[in-house]
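Accompanying notes for the structure given below.
Nothing in this text is a laboratory measurement; each read-out follows from the coordinates by a stated rule. As the structure is a prediction and not an experimental result, all values here were calculated from the model. All Cβ positions, glycine included, derive from the backbone under ideal geometry; neighbour counts span all protein chains shown.
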Amino acid sequence: MLKGIAAVFVMTGCLGLGVWHRQQLSGRIRALGRLQGILELLASQVRYGKETLPECCRHLSPRLKPPFDSAFLEVADQMEQNTGASFAEVFAEQMRDPLLEMPLTEEDRETFLRFASRTGYADGQMQLRILEQSGRWMEETAGRLKQENGEKSRMALGLGILGGLLLILTLW
């Protein structure tokens, strides 16, 4: 009786681990889509609004969902105070926590922050190209991940189930 209950718990735990891994894979795709949307909004503000990046952050903050809304507003406020820090430093500092909450790789985070690091020597057109380039990279990465996601999701669930069975057989 106890072995049967233990087997059910082991199997449930291993299956849960497979489901969790599958959700992490899907979460990265959604996170990349969200970041791509933010970059598109910034690009449209630079292109059509002819605004500086701090002004873009202030105007976009009401249109963004938490935690990016407050982070963008804080970037605009700090740049308005003119503390001597560059836009790239302030932007990277304020985006650190929201980006860490998302299931992204370090390369994804760096790509999102890339445009900010090149603002010191770039004019509006160069900033626009960098924003669009980062957005395209994220779109391509998300597309590639969507193709791989089906196979990896099935594999994660399968490995969870097989791992649970192996543990049950080993412990039985």
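On a full-extension model of 0.36 nm per residue, what is the gain between Asp77 and Met1, subtracting their alpha-carbon distance, rounded to one decimal in nm?
21.0 nm
Quote the charge dipole size of the chain about the Cα centre in Debye, to the nearest 20; the model charges only the Cβ of Lys and Arg (+1) and of Asp and Glu (-1).
820 debye
If neighbour count is taken as other Cβ atoms inside 10 Å, put Met95, Met1 in order from fewest to most. Working shown, then result.
Details: Met95 22, Met1 5.
In order of increasing Cβ crowding within 10 Å: Met1, Met95.
Given a Förster distance of 22 Å, report the FRET efficiency between Arg63 and Glu101 from their Cβ-Cβ distance, rounded to the nearest 0.05.
So, using R0 = 22 Å, E works out to roughly 0.70.
Using Cα springs under 10 Å in a Gaussian network model of the chain, which residue among Gly135, Gly84, Gly160 shows the largest mean-square fluctuation?
Gly84
Going by the alpha-carbon gyration tensor, a ≥ b ≥ c the square roots of its eigenvalues, is segment 18-171 rounded (a/c under 1.5) or, if a/c is not under 1.5, prolate (a/b greater than b/c) versus oblate? Don't jump to the answer; show the numbers that get you there.
On the way: a/c = 3.14, a/b = 2.33, b/c = 1.35.
Verdict is prolate for segment 18-171.
Note down the relative contact order for the chain as a percent, whole number, built from C-alpha pairs under 8 angstrom at least six residues apart.
39 percent
Taking segment 69-162, which GluC sites (Glu not before Pro) meet the DSSP loop condition and have no more than 14 other C-beta atoms within 10 Å? Each step should come with its number before you reach the end.
Working: sites: Glu74, Glu80, Glu89, Glu93, Glu101, Glu106, Glu107, Glu110, Glu132, Glu139, Glu140, Glu148, Glu151; in loops: Glu101.
Of the GluC sites (Glu not before Pro), the ones in loops of segment 69-162 whose Cβ has at most 14 other Cβ atoms within 10 Å are Glu101.
Take the Cβ-Cβ distance between Glu148 and Arg47 as r, set R0 to 45 Å, and report the resulting FRET efficiency rounded to the nearest 0.05. Before the final figure, lay out each step's value.
Details: r = 33 Å, r/R0 = 0.72.
The calculated FRET efficiency here is 0.85.
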